[in-house]
Structure formats: C-alpha cells, structure tokens
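Throughout, read-outs are computed from the coordinates displayed, never taken from laboratory work. Given the structure is predicted, the values throughout are model-derived calculations rather than measurements. Cβ atoms come from the backbone with ideal geometry, glycine included; neighbour counts cover every protein chain shown.
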Amino acid sequence: MAEAVRIDGKAAAAELRASVGGCVADLKARHGVTPGLAVVLVGDDPASQVYVRNKGKATHEAGMASFEFRLSAGATQAEVLAQVAALNADAAVDGVLVQLPLPGHIDETAIIDATDPEKDVDGLHVANIGRLVTGRPALVPCTPSGCMVLIRKHVPDLVGKRAIVVGRSHLVGKPIAQLLLAAHCTVTIAHSRTRDLAGECRRADILIAAVGKPEMIRGDWIKPGATVIDVGINRVPGEGGKSKLVGDVAFDEAVSVAGAITPVPGGVGPMTIASLLRNTLIAACRRRGLADPDV
Ligand code: GUN
C-alpha cells in the first residue's frame, strides 16, 4: 500500500495565521480595534520560556498587541491572582493566558477559575467547557481546535466516522472528543484503563493520540487508510547522545498503514499558537458585540 499522506501542520498553521492577520487588519481599519493578548509566565522553566517567546512573536506578526508578564518562581498564589485580576480589568487585553504548568505551590484550578471566561483564550474555564459541551459559542482549547482544522482538511465529511481519542486530559482529550462529537463522529475516549486498546484503535477511521507516551501506538493498531493525529511531543534519547522528539504514535510503522498522518515535529504543534491567535481575535470581536470573524 502507498505511504500515508503527511499532514503538513506548518503550512496549515501559516495559512491560519495569515487568515487571522487579514481579519485583524480589517478589524483595525473598520473599527479601530487592535486585539491584545497577555501571557503570564511564572518561574523560569526553559520550555515554557520558549513557548512564551514564540507566542509573543506570532502575536506581533498577526498585527495584535502582545503583553508579557513574568513572575518569579517564588511568586505567591495571591500575586498570580492579582496579575490575572489586573488583566481581566484591562480594556486593551482581549486574551489572558497563564502558561502551564505552574510551580507546584500554585493551585492551577484557582488561577483558571479567576480568569474572565470572555478572555479565557485557553478555553479552560468551566464556563467555556460548559459552552463547548452544550453547543454554545465558546472559546475552545487551542490544540484541539488546531487538530480539527487538520482533520477537516483530510476528512471533509466527518458525519458518522468512527473516531477514537486516546487520552482524557482537560487540555486535549476531553475537548477534542466534544469537537468530534459536534461534527457527528461516533467517538470513543480511551485511556490507561481501557481494555483491548489496540482493538479499539483498529476500529477507528480517525485516531487522535494524546497520551504523552512515546510511540505507544503501534502500526498494527491502526485501521488501514485511517487519519492519524499525533498530539504527543516526547523527548527521547536519539543517536550520538542527542535527544529527539517523537510522538505518541510509532510513526515509521504507522506511515505504511494510515491514509494520512501528522509528523512530530511539524504536525499538530504549530497549530496551537495559530489557534491561540484565532481565539484572541474571536474574543476581541465578541467582547465588542461584533460578529465572529470568518477564520
Ligand atoms: N502549556 C502547554 N500547552 C499549553 C497551553 O495550551 N496553554 C497553556 N496555558 N499552557 C500550556
């Protein structure tokens, strides 16, 4: 059988970012509005620093205002809450994102609860999760909405398709299951206690891997021709003492079985920031009573 189509997340993300940029220019010209995104980083985790820098750069490139706030690793919960409250009250800020994970002494749920749901561009506030589940206009978590963009490109008709989501995190597994359900897929959510996981996966036309276990999903777990979306980003030892990134799917095996598959890196990863920009634009429009942008 022919090798799977490699789903190009970099190209899809560039397309989405350009489309957001066009809408931002339009919003400025017609309404004098510049959407603003505020990112809060607590502590000095190197990976989070890279993410935050990349978010700031992408925000500027889309024509939006970017605000960055850095708090020390020793910042108290009250200090982080005060920062979030100030951003909730700041009219120039449409989106508030507190980079996760937070240092262990800070209660992440309390920080998410304190974020104004209308500015919750991570889509993690219970109000947004409730809206998503009940089919109301929500701010949807970024990685899942990016996955849906990739899926729709390769599977134009989702109605009745069997989808399996391996992983049940709040950030990815649960929201993507809701998005697939809303798109009329028949959805299975699998996890560490699922019996016969390989058999469950083999029935799926669309497989979403979001477990954070390097190459756990093997080639012979995949239905021939299925669309495989690999959300995993795992650093493992590579050749010559260097480390390398692998997904949750054994790519070299899966590529000869699947119909289409996202590589790691260059698949789902780039979509997250593009979706964040889209959410910021949507929040900016909704907060002013304007129609949702066409992105
Ligand atoms: N850390 C890793 N991914 C994310 C994300 O999507 N949002 C936030 N806030 N932190 C993250």
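Taking the Cα atoms of the range 170-287, the ratio Rg/Rh between the radius of gyration and the Kirkwood radius comes to 1.01.
Between Lys244, Lys223, Lys55, the residue with the greatest mean-square fluctuation in the GNM of the chain (Cα pairs under 10 Å linked by springs) is Lys244.
Note on the chain: helix-only mean residue ellipticity at 222 nm, from DSSP H runs of 4+ residues weighted -39500 (n - 2.57) and normalised by residue number, equals -12500 deg cm²/dmol. If I build a Gaussian network model for the chain, linking alpha-carbon pairs within less than 10 angstrom, which residue out of Asp26, Asp113, Asp196 has the largest mean-square fluctuation? Greatest mean-square fluctuation among the candidates belongs to Asp196. Residue by residue, the range 113-118 carries 3J(HN,Hα) couplings of 4, 7, 6, 4, x, 6 Hz when phi is fed to the Karplus relation 6.51 cos²θ - 1.76 cosθ + 1.60 (θ = phi - 60°); x denotes Gly or Pro.
Computed from the alpha carbon positions, the gyration tensor of the range 82-189 leads to an equivalent ellipsoid with semi-axes of 29, 15, 11 Å, biggest first. Between helix 269-287 and the chain there is an angle of about 40 degrees, using the helix long axis and the longest principal axis of the Cα atoms.
When the Cα positions of Cys185, Leu276, Val33 are compared along the charge dipole of the chain, Cys185 comes out farthest toward the positive end, with charges on each C-beta of Lys, Arg, Asp and Glu. Taking each of Lys10/Lys153; Lys10/Lys161; Lys55/Lys242; Lys10/Lys223; Lys57/Lys174; Lys119/Lys213 in turn, the alpha-carbon distance tops 20 angstrom for Lys10/Lys161; Lys55/Lys242; Lys10/Lys223; Lys57/Lys174; Lys119/Lys213. Between the Cα long axis of helix 142-154 and the first principal axis of the chain there is an angle of about 50°, rounded to the nearest 10.
Binning the C-alpha pair distances of the chain at 5 Å intervals from 0 yields a P(r) profile of 1, 5, 12, 15, 18, 16, 14, 10, 6, 3, 1, 0 %, listed from the shortest bin outward.
What dipole magnitude, in Debye to the nearest 20, does the chain give about its Cα centre under +1 on Lys/Arg Cβ and -1 on Asp/Glu Cβ? For this selection, approximately 480 debye.
Of His184, His105, His125, which is the most mobile in a GNM of the chain whose springs link Cα atoms less than 10 angstrom apart? Largest GNM mean-square fluctuation: His105. With contacts taken as Cα pairs under 8 Å at a separation of at least 6 residues, the chain carries a relative contact order of 22 percent. Principal axis extents of the C-alpha atoms in the range 117-160 (largest first, rounded to whole Å): 32, 19, 11. Projection of the Cα convex hull of the range 113-249, averaged over all directions and equal to a quarter of that hull's surface, yields 9.9 nm².
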